[in-house]
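As structure tokens, the structure follows; a few thoughts come after it.
The values are calculated or read from the model by the stated rules, or taken from the named source; none is laboratory data. As the structure is a prediction and not an experimental result, all values here were calculated from the model. Cβ coordinates were reconstructed from backbone atoms using ideal geometry, including for glycine residues, and neighbour counts include every protein chain displayed. For the accessible areas, the whole protein counts, side chains as well, though only heavy atoms, and no ligand, DNA or RNA atoms are used. Shrake-Rupley method; radii C 1.70, N 1.55, O 1.52, S 1.80 Å.
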Amino acid sequence: MADSTVYDLVITNGVCVTASDIAAYDIGIRGEKIALLAPSGSLATASTKRLIDAEGGYVMPGGVDCHVHLQEPSMFGKGSSADSFETGTRSAIAGGTTTLVAFAPQQRTEPSLLSALDVAHSLARDNCYCDYGFHLLVGNAGDQALSEISSLPSRGITSLKIYMTYEALQLRDHEILSVLAEARANKVLTMIHAENGDVLTWLTERLEKRGLVAPRYHAHSRPQLLEDEATNRAIALATLVAQTPILLVHISDTGATKRIREAQTRGQPVFAETCPQYLFLTREEHLDAPHGFEAAKHVCSPPPRDAAAQAVIWTGLRNGTFAVLSSDHCPFNFDDDVTGKKTCISEEFPVGRFRHIPNGLPGVETRLPLTFSATDRRDKLPLTKFVEVTSTNAAKLYGLYPKKGAMMPGMSDADLVVWYPNVGSPKRPAGLDDLTITNSMLHHDVDYTPYEGKRVTNWPRYTVLRGKVVWDRDGEGIVGGKGYGQFIEREASVLNDIWQRVEEDGPFDEDKL
Ligand code: URP
Ligand code: ZN
Ligand code: ZN
């Protein structure tokens, strides 16, 4: 007998928030897709296999986090990744993220990008709780790697990342230019880590000579000026290569933000990302103040900055300078001298040696709750902006839209986050009023969170991925299956028609310089 059930899942009484609108709608889901948005309450009695009553809570497109490091070898200091694809994607869904883009790292010693991609696929396949894609991380811009960039789009890879720092990864300016030219010719977006690696090595050596090796000196070795200079250089190099679109990742600094804003104002396709660590951590509180080795918990690059820079980053997020807010989840255990932060401690350096601390912080699960908690403060982030920077723009920028990052009936995957009712609602559970982040409540495989003790106002109550509830906070927690997450082949970016403009401008031609 035919199944007469109309929907597989209905979410009723929610307030839907997209990057453009806030309105009370019911959502009808059939299979993996959003089938219908209907007036609030109208689907409460619809024929459905499962009904979720959102009780007035916000319902949004699932989070899209396009800067996540999982199961990577040692590249950013001595340690290696604490999270596998399994544990990192498990953590993602518990924090409302339904799609992430991780890295396929090509190391300096490897000539091929495609073999790095094969390795990433083999690690992720059948292990993920959320949908995923890869950026190629180009550690060796030799002839073979450059020639393989043209085969990336047909494999669903439309972005790559290059580094202006880290001994194991830093590219020289001529190598950056070669990557930019090849990426431009193939509609591949280039993400750039902009810090001046030569200057920070010089500063590191001077600090070491004076015995200033404790974790807090990490910030002294990477002052804001290094990010400003490298950002300026990255924009100049992209300008030279016929205005190749670039995305400057994890921006933390006032000067860099200004350079990006100026380039955007000139009409250049320069995009930027910031991260929660530059909104919620400061150098004073998290690197300078902690005693002993504790500061290593907050060692990432760029490092957390001062309160003045933090205010500039908030403004940049509000005014559109930053298109996306990603986690840059790059997890290392703290109390671990084999793969974690403590690998930099030795008999000679009992307080640790900052140059060898693995750089990076965990944050894939806390990204949405922390930032959502700032939406109730008018000076921080409007709700639609929150959805734009944590989901929709990432989907557009990285070629996932409108399958991801949207709620378009018939088009978008039913990837949703349902939040608890807001402060003041009679339906809001009492326990949420002092919701404090502790590492024990998180689902990553890391022994600390940099946000321990931080209060948040809400948490994803349900996460839905392609029509299936995968996170049920009041039920069994993680209810999705390992392996349900699929590799998503990405298209070229559609944010601000960037490739259309490149096509109109024609190929890069030295003759025109
Ligand atoms: O400290 C950081 N950001 N670690 C991750 C590696 C990177 O550069 O994104
Ligand atoms: Zn980086
Ligand atoms: Zn990163």
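A compact table of results
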{"read-out": "For L247, residues with placed amide H under 5 Å, excluding near neighbours", "value": "T190, M191, I192, F271"}
{"read-out": "For K33, distant residues with modelled amide H under 5 Å away", "value": "A414"}
{"read-out": "Mean Cα-pair separation over length for the stretch 248-308, i.e. relative contact order, pairs under 8 Å, 6 or more apart, %", "value": "37 percent"}
{"read-out": "Within-14-Å neighbourhood charge of F85 [Cβ basis; K, R +1; D, E -1]", "value": "-4"}
{"read-out": "Modelled FRET efficiency - R0 30 Å, V338 with A289, Cβ distances, 0.05 increments", "value": "0.60"}
{"read-out": "Lys/Arg +1, Asp/Glu -1 at C-beta; the chain dipole; positive extreme among Y166, G480, T18", "value": "T18"}
{"read-out": "Those residues of the stretch 153-171 whose amide nitrogen sits under 20 Å from the label point placed on F487, 7 Å along Cα→Cβ", "value": "153-161"}
{"read-out": "Dipole of the chain, positive end: most advanced residue of M408, G156, Q71 [Cβ charges, Cα centre]", "value": "M408"}
{"read-out": "Added length on full extension, which subtracts the Cα-Cα distance from 0.36 nm per residue, K427 to R266", "value": "53.1 nm"}
{"read-out": "Length added when fully stretched, D306-V119, from 0.36 nm per residue minus Cα-Cα", "value": "63.4 nm"}
{"read-out": "Loop sites in the stretch 427-513: GluC sites (Glu not before Pro), DSSP, at most 13 other Cβ within 10 Å", "value": "E452, E476"}
{"read-out": "At most 15 other Cβ within 10 Å, DSSP loop - trypsin sites (Lys or Arg not before Pro), the stretch 236-270", "value": "R266"}
{"read-out": "Projected label distance in nm at N319 and S20, using a 7 Å step from Cα toward the beta-carbon", "value": "2.5 nm"}
{"read-out": "Phi-based couplings in Hz for the stretch 278-291 (Karplus 6.51, -1.76, 1.60; Gly and Pro marked x)", "value": "8, 9, 10, 10, 10, 4, 4, 7, 10, 10, 7, 7, x, 7"}
{"read-out": "Under-5 Å amide H pairs with I52, H placed in peptide plane, nonlocal only", "value": "V10, I11, T12"}
{"read-out": "Dipole axis of the chain (+1 Lys, Arg; -1 Asp, Glu on Cβ), positive-most option in M191, G95, S178", "value": "G95"}
{"read-out": "Stokes-Einstein translational diffusion, the stretch 70-183 - Kirkwood Rh over all Cα pairs, 0.890 mPa s, 25 °C, in µm²/s", "value": "167 µm²/s"}
{"read-out": "Counting all C-alpha pairs of the stretch 264-371, share separated by more than 21 Å (%)", "value": "42 percent"}
{"read-out": "Net charge over other residues, Cβ less than 9 angstrom from the Cβ of K482 (K, R count +1; D, E count -1)", "value": "-1"}
{"read-out": "3J(HN,Hα) from dihedral phi, the stretch 366-376, Karplus parametrisation 6.51/-1.76/1.60, rounded to Hz, x for glycine, proline", "value": "8, 4, 6, x, 4, 6, 4, 5, 8, 6, 7"}
{"read-out": "Only Lys, Arg (+1) and Asp, Glu (-1) charged, at Cβ; the chain dipole about Cα centre in debye", "value": "840 debye"}
{"read-out": "Among 205-211, 69-75, the order from most to least packed when residues are scored by Cβ within 10 Å on average", "value": "69-75, 205-211"}
{"read-out": "Around S327: net Lys/Arg minus Asp/Glu count, Cβ-Cβ under 12 Å", "value": "-4"}
{"read-out": "Full-extension gain in nm, R206 to M408, via 0.36 nm per residue minus C-alpha separation", "value": "67.2 nm"}
{"read-out": "Helix 224-240 vs. the chain, principal-axis angle (Cα, 0 to 90°, nearest 10)", "value": "80 degrees"}
{"read-out": "Three-way shape call for the stretch 1-70 based on the alpha-carbon gyration tensor, with the a/c threshold at 1.5", "value": "oblate"}
{"read-out": "Principal axis dimensions, the chain - Cα atoms, whole angstrom, descending", "value": "73, 57, 42"}
{"read-out": "HN-Hα J in Hz across the stretch 335-350 - Karplus 6.51, -1.76, 1.60, θ = phi - 60°, x for Gly and Pro", "value": "8, 8, 9, 9, 10, x, 4, 7, 4, 8, 9, 8, 4, 6, 10, x"}
{"read-out": "Percentage relative contact order, the stretch 80-222, counting C-alpha pairs under 8 Å, at least six apart", "value": "19 percent"}
{"read-out": "Solvent-accessible area per residue for the chain (1.4 angstrom probe, square angstrom)", "value": "37 Å²"}
{"read-out": "Dipole magnitude of the stretch 1-117 about its Cα centre (Cβ charges: Lys, Arg +1; Asp, Glu -1), debye to nearest 20", "value": "180 debye"}
{"read-out": "Calculated on alpha-carbon atoms, Rg and Dmax of the stretch 396-472 in Å", "value": "15.7, 42"}
{"read-out": "Accessible-area composition of the chain, carbon plus sulfur, in percent [1.4 Å probe]", "value": "49 percent"}
{"read-out": "The chain, relative contact order [Cα under 8 Å, separation at least 6], %", "value": "22 percent"}
